[in-house]
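Down below is the structure, laid out as structure tokens.
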Amino acid sequence: MTGYKELLHNFVERPGGTVSLGNKTTGVIKGYGILTNGKVSIKKVLYVEGLSHNLFSASQFCDGYNIVLFPIINCLIINSDGVEIFEGRRFYNLYVVEFPVIDSSKPVCLFSKATKGESWLWHRRFSHQNFSDISKLANGGLVKGLPKLTFDRDSLCPACQMGKMKRSSHKSKTESSCQSPLKMIHMDLCGPMRIQSISGKKYILVMVDEYSRYTWLEFLRMKSEAPELIIKFIKRIQVLLHLPVQKIRSAYTPQQNGVVERRNRTLVEAARTMLAYSGLPLTFWAEADSTACFTQNRTIITKRFKKTPYHIINRRVPNVKFFHVFGCRCYILNNRDNLGKFDKKADEGYFLGYSLTSKTFRVYNKRTKMVMETVYVTFDETVSMTSEHSSSELGIHSQASTTTFDSITDPNSSKLDLLFMDAFLDICADNEDLILSRNPRVDIHDVPEPSSVNDSGPSENICSTSNFDQAIPVPTVEQSELTPDDQSEIPAIIDENDSQNNLDDLAILPAQLKWTRAHPLYNVIGDVNDGVKTRSASANYCLYKSFLSLIEPKNVSQALEDSDWLLAMQEELLQFKRNKVYRLVPRPQDKSIIKTKWIFRNKKDESGLIVRNKARLVAKGYSQQEGIDYDETFAPVARIEAIRIFLAYVAHKNIKVFQMDVKSAFLNGVLLEEVYIEKPEGFVDPDFPDQVCILDKALYGLKQAPRAWYETLTNHLFSKGFKRCMIDTTLFLKKEGDDLLLVQIYVDNIIFGSTNPEMCTKFSKIMETEFEMSMMGELNFFLGIQVKQNPNGIFINQSKYIKDMLKKFHMTDCSPIKTPMPTGNLLGPDLAGKSVDQKIYRSMIGSLLYITATRPDIMFATYFCARFQANPKESHLAAVERILRFSGDFGPVRAFRANFREF
């Protein structure tokens, strides 16, 4: 209590009550206020009229969960966290606290509270972190860029309830045995996920530092990748932190591996919550998990040090000013395409996280349907953004919910449980009463009669049941198990356009269609002999189809009906326009017009995943006549032996090899002849149907196209100072002093390396100025050969090619064998034996001859069997199959080492 009213802030007049003083007088209580010195505030300080001294009540401090100590010479007031609030000195029989106060007439900020919108915005930016932790970050100065406000929760967060509901946790370990980072790293491999990520990953490797609780995530396609990835991680983290990793811990049971299991659960809950709020498809689960790890490393406070893991391991306060809400709408500057004067400068997309290697953001571009990293992004973090997320906008047909934040009210939704089910089974293996939510039960016994629906307008595509000869029974969902929102989503009539894109739609089939026992072969995706695939097993294929079409169309009409292939065809014609391949002219009377054809192929990477839909317009070159339409067609092509010699030499010189690809290479070759072609099928101008195209550049399929491209590329390299090898005409060299640049060309694929890295950079710029290139980085896959470069040398193998070869000849399930040929082989012409298909036998021999580049152990056996290609018998085929069984074991990896010695 005090007798000086001017010291009190926010004074409230409330007269009533008296205080007895030591001089036998009484003071009247006039009200109360707040006494502050700018750092510490004392609430409900009474103003007593006539009191000449300020008095502290020790009992009231103790009622506020504080501790008041009275040693001999001083007194201490400590809060519940053990932090000293202030200290007093003893003068004779009184304890005096020096508490310099601020006059209430001067402005002072006593309490700053965030608004409701600010609190929820930062809650979502921090991957749905709890509000008390955000307040501690702001008031403790543990991060930069966060306003110093107090964040309060005024209501429940439905997304947090859906993603973070859990049982009560056990008491954690109070003391840690580690005294520095990287003393011990906890590891756990989580998966497989029911749904693949957008990059085909199914496993999560979680690594947690015992000392700082800093977390690293790695995503894997297969479990077998874990050992190699862990070794790379340890080497990288030791170089970054300049500390050795002393111990790795990965227990056999979840109970023994509690540190990483709890962190894994926290990450999964955050990712589940972020996906639930954003409404993005479940294929983005890896992006959500990575973003949650990124934010939690910078926001979670460790109990031991009262700091964030980032602060502990990097020794600096993290900056969170650049944080944004996961899945929010954003606008990306288009600085890659050649835009016109009035073209849009930005593309619309969605925010997916932060780059781990640069100061850029990871975003999904809706126009290109690609995930990219860029810094030129503007974000729109309004609350209404999730209502506009839809699979149709993203080009993704997913099981993910597209509801808004306000509509996430059903805690029994199983769509997100489907993704993280295996992860929670690992984490909660010891919980026998774990209950996983399921889809609402479908009752097919009660079949209602379909009612006819009137046409609501000419613009709507409605299929009335009156169009069918008889009603087809439709399964119904029990109304008692659905929420009102779910009941409103049950369609009375199924739109035939939607039923093709949604796996959950109920199909209404016309009665006149004939029911068959099996699906037609042309509708079966993949190998018919693979067996039956359930919905859960084929879910990944359906989700991956959202980005790329898995089916190669057989003709142009089928391709035009598929938006993915239509986009691929438009990209091919755009290349024609950029390279100025042709000009439209009236049809000549005395010239032959070459017809064209569309070729549709799915491009795959080294793991067999489809990465691109490629549509190629080719000319029917077989109709060309020598001497009239072309003169010379020869163009040199690099042999596989030349590639091996190139790799051996660069390994000897310790040169790192890079790879680049020329986009639509043949379209750059200048034609010397006058060639006319028909317009592309499906893209004929109705106003000028009789016009044809005269070619200025070469086109795929023309006899002279390879030579035209080779001459164009050669002339360009000659103009830049390159010299051509006299023996191998596909090898080009350039010297600058003691530095050497080697370039090996195989049609449109180029591999190069130099003793000076700057020459490689200059070469890539030289190529980009003349041609449209795609820089593919370090060489790792070339002509069916997988290449791995490290300081010990260059290692090559053809495991992918061998797998495809075994699949082609239906020998994927064959048992391996230790030798390619039996000892004492007496294989001969076998004139009395039964003949076999000559085409299949020659195809096997050709495939085996190609892998001898990396498998010299089968060279003799293959060449021996190649003698009988003219008249192969069953004994010869058995010998070739034996070689295939031997090669199926993949064998040793061929290495080119720095001492030029080959193993």
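The values are calculated or read from the model by the stated rules, or taken from the named source; none is laboratory data. If you're wondering where the values come from, they're calculated on a predicted model, not measured in any experiment. Neighbour counts are summed over all protein chains in view; Cβ atoms, including those assigned to glycine, are modelled from backbone coordinates with ideal geometry. Areas reflect the complete protein model, heavy atoms only, side chains present, ligands, DNA and RNA absent. Shrake-Rupley method; radii C 1.70, N 1.55, O 1.52, S 1.80 Å.
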Assuming ILE817 fulfils every condition listed in (1) open to solvent by less than 40 Å² (accessible area, probe 1.4 Å); (2) under 30 Å from GLY753 (Cα atoms); (3) touching a Phe, Trp or Tyr at 6+ places or on another chain (Cβ under 7 Å) apart from one, which condition is it? (2)
Which one is farthest from ASN749 (Cα to Cα) among residues in segment 662-681 that are among the β-branched types (Val, Ile, Thr) and in contact with a Lys or Arg (Cβ under 8 Å, 6 or more places away or on another chain)? ILE677
Could you count how many residues in segment 124-133 are over 28 Å from the mean Cα position of the chain (by Cα) and more than 22 Å from VAL40 (Cβ to Cβ)? 2
Going through segment 17-36 in order, the residues found to be more than 18 Å from GLN60 (Cβ to Cβ) and touching a residue at least 12 places away in the same chain (Cβ under 8 Å) are LEU21, THR25, VAL28, LYS30
Residue among PHE860, PHE896 that alone is in a helix (DSSP H, G or I), on the phi < 0 side of the Ramachandran plot and either loosely packed, with under 14 Cβ neighbours inside 10 Å or modelled with pLDDT under 90 (or both): PHE860
Pairing a residue in segment 326-340 that is open to solvent by 60 Å² or more (accessible area, probe 1.4 Å) with any residue that is among the aliphatic types (A, V, I, L, M), where Cβ atoms lie under 6 Å and the two sit 6 or more apart in sequence or on different chains, gives TYR331/ALA346; LEU333/ALA346
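On the given criteria, is ARG194 touching a residue at least 24 places away in the same chain (Cβ under 8 Å), open to solvent by 30 Å² or more (accessible area, probe 1.4 Å), of a type in the set (D, E, K, R) and more than 16 Å from ALA270 (Cα to Cα)?
yes
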Which pairs turn up if I take residues in segment 304-317 that are within 20 Å of SER135 (Cβ to Cβ) and look for partners that are of a type in the set (Lys, Arg) and assigned to a helix (DSSP H, G or I) with beta carbon separation below 8 Å, at least 6 apart in sequence or on another chain? THR308/ARG298; PRO309/ARG298; TYR310/ARG298
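Output the residue which, of all residues in segment 2-16 that are open to solvent by 60 Å² or more (accessible area, probe 1.4 Å) and touching a residue at least 40 places away in the same chain (Cβ under 8 Å), is nearest to the chain's Cα centre (by Cα).
ASN10
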When both residues are 6+ apart or on different chains and their Cβ atoms are under 6 Å apart, which pairs have a first residue that lies in segment 90-104 and is over 14 Å from THR2 (Cβ atoms), and a second that is outside any strand (DSSP E or B) and modelled with pLDDT of 75 or more? ARG90/ILE73
Selection count where residues are in a loop (DSSP other than H, G, I, E, B) and either at pLDDT below 75 or touching a strand residue (DSSP E or B) at 6+ places or on another chain (Cβ under 8 Å) (or both), scope segment 108-140: 7
Filtering segment 741-795 down to residues that are of a type in the set (A, V, I, L, M, F, W, C), out of contact with any helix residue (DSSP H, G or I) (no Cβ under 8 Å at 6 or more places or on another chain) and more than 26 Å from LEU667 (Cα to Cα), which residue is modelled with the lowest pLDDT? PHE795
Quick check: anything in segment 690-713 open to solvent by 20 Å² or more (accessible area, probe 1.4 Å), polar (S, T, N, Q), modelled with pLDDT of 85 or more and not in a loop (DSSP other than H, G, I, E, B)? yes
Here's a check for you: in segment 714-771, which residue that is of a type in the set (Val, Ile, Thr) and under 13 Å from ALA642 (Cβ atoms) is most open to solvent (accessible area, probe 1.4 Å)? ILE727
Enumeration of residues in segment 578-608 that are open to solvent by 40 Å² or more (accessible area, probe 1.4 Å), out of contact with any helix residue (DSSP H, G or I) (no Cβ under 8 Å at 6 or more places or on another chain) and modelled with pLDDT under 85: ARG578, GLN589, ASP590, LYS591, LYS603, LYS604
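Residues checked against (1) acidic (Asp, Glu); (2) more than 30 Å from LEU566 (Cβ to Cβ); (3) part of a strand (DSSP E or B):
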{"residue": "ARG616", "(1), (2), (3)": "no, no, yes"}
{"residue": "PHE634", "(1), (2), (3)": "no, yes, no"}
{"residue": "GLU641", "(1), (2), (3)": "yes, yes, no"}
{"residue": "ILE655", "(1), (2), (3)": "no, yes, no"}
{"residue": "PHE666", "(1), (2), (3)": "no, no, no"}
Quickly run through segment 863-893 and pick out the residues that are at pLDDT 90 or above, part of a loop (DSSP other than H, G, I, E, B) and in contact with a helix residue (DSSP H, G or I) (Cβ under 7 Å, 6 or more places away or on another chain). GLN869, PRO872
Which one of these does PHE351 not meet: (1) within 24 Å of ASN130 (Cα to Cα); (2) free of Cβ contacts under 8 Å to residues at least 60 places away in the same chain; (3) in contact with a strand residue (DSSP E or B) (Cβ under 9 Å, 6 or more places away or on another chain); (4) in a loop (DSSP other than H, G, I, E, B)? (4)
Mind listing just one residue for me: the one in segment 1-49 that is in a loop (DSSP other than H, G, I, E, B) and in contact with a Leu (Cβ under 8 Å, 6 or more places away or on another chain) and, of those, nearest to ASN74 (Cα to Cα)? MET1
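Which one of LEU647, LEU617, LEU672 is more than 30 Å from ASN792 (Cα to Cα), crowded, with 19+ Cβ neighbours inside 10 Å and not charged (D, E, K, R)?
LEU617
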Read through the list (1) basic (Lys, Arg); (2) closer than 28 Å to GLY31 by Cα; (3) surrounded by 14 or more Cβ atoms within 10 Å (Cβ to Cβ), then give the number of the only condition that LYS44 fails. (3)
Can you say whether LEU69 is out of contact with any helix residue (DSSP H, G or I) (no Cβ under 8 Å at 6 or more places or on another chain), open to solvent by 60 Å² or more (accessible area, probe 1.4 Å), closer than 23 Å to LYS306 by Cβ and modelled with pLDDT of 75 or more, as far as the supplied structure shows? yes
Looking at this structure, is THR253 out of contact with any Pro (no Cβ under 6 Å at 6 or more places or on another chain) and loosely packed, with under 12 Cβ neighbours inside 10 Å? yes
Looking at segment 790-848 only, could you name the residues that are in a helix (DSSP H, G or I) and of a type in the set (A, V, I, L, M)? ILE802, MET805, LEU806, ILE840, MET844, ILE845, LEU848
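Looking at segment 834-848, which of the residues that are farther than 16 Å from ARG882 by Cβ and of a type outside the set (Lys, Arg) is most open to solvent (accessible area, probe 1.4 Å)? Steps first, please.
Within segment 834-848, the first condition is being farther than 16 Å from ARG882 by Cβ, and the residues that meet it are 834-835, 837-839, 842-843, 846.
Then drop every residue that is not of a type outside the set (Lys, Arg), which leaves 835, 837-838, 843, 846.
Values: SER835: 67, ASP837: 85, GLN838: 69, SER843: 35, GLY846: 39 Å².
Selected residue: ASP837.
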Anything in segment 283-323 that is at pLDDT 90 or above and within 18 Å of the chain's Cα centre (by Cα)? List them, or say none. PHE284, TRP285, ALA286, GLU287, ALA288, ASP289, SER290, THR291, ALA292, CYS293, PHE294, THR295
TYR47 is checked against (1) within 60 Å of the chain's Cα centre (by Cα); (2) within 21 Å of GLU6 (Cα to Cα) and fails just one. What number does that condition carry? (1)
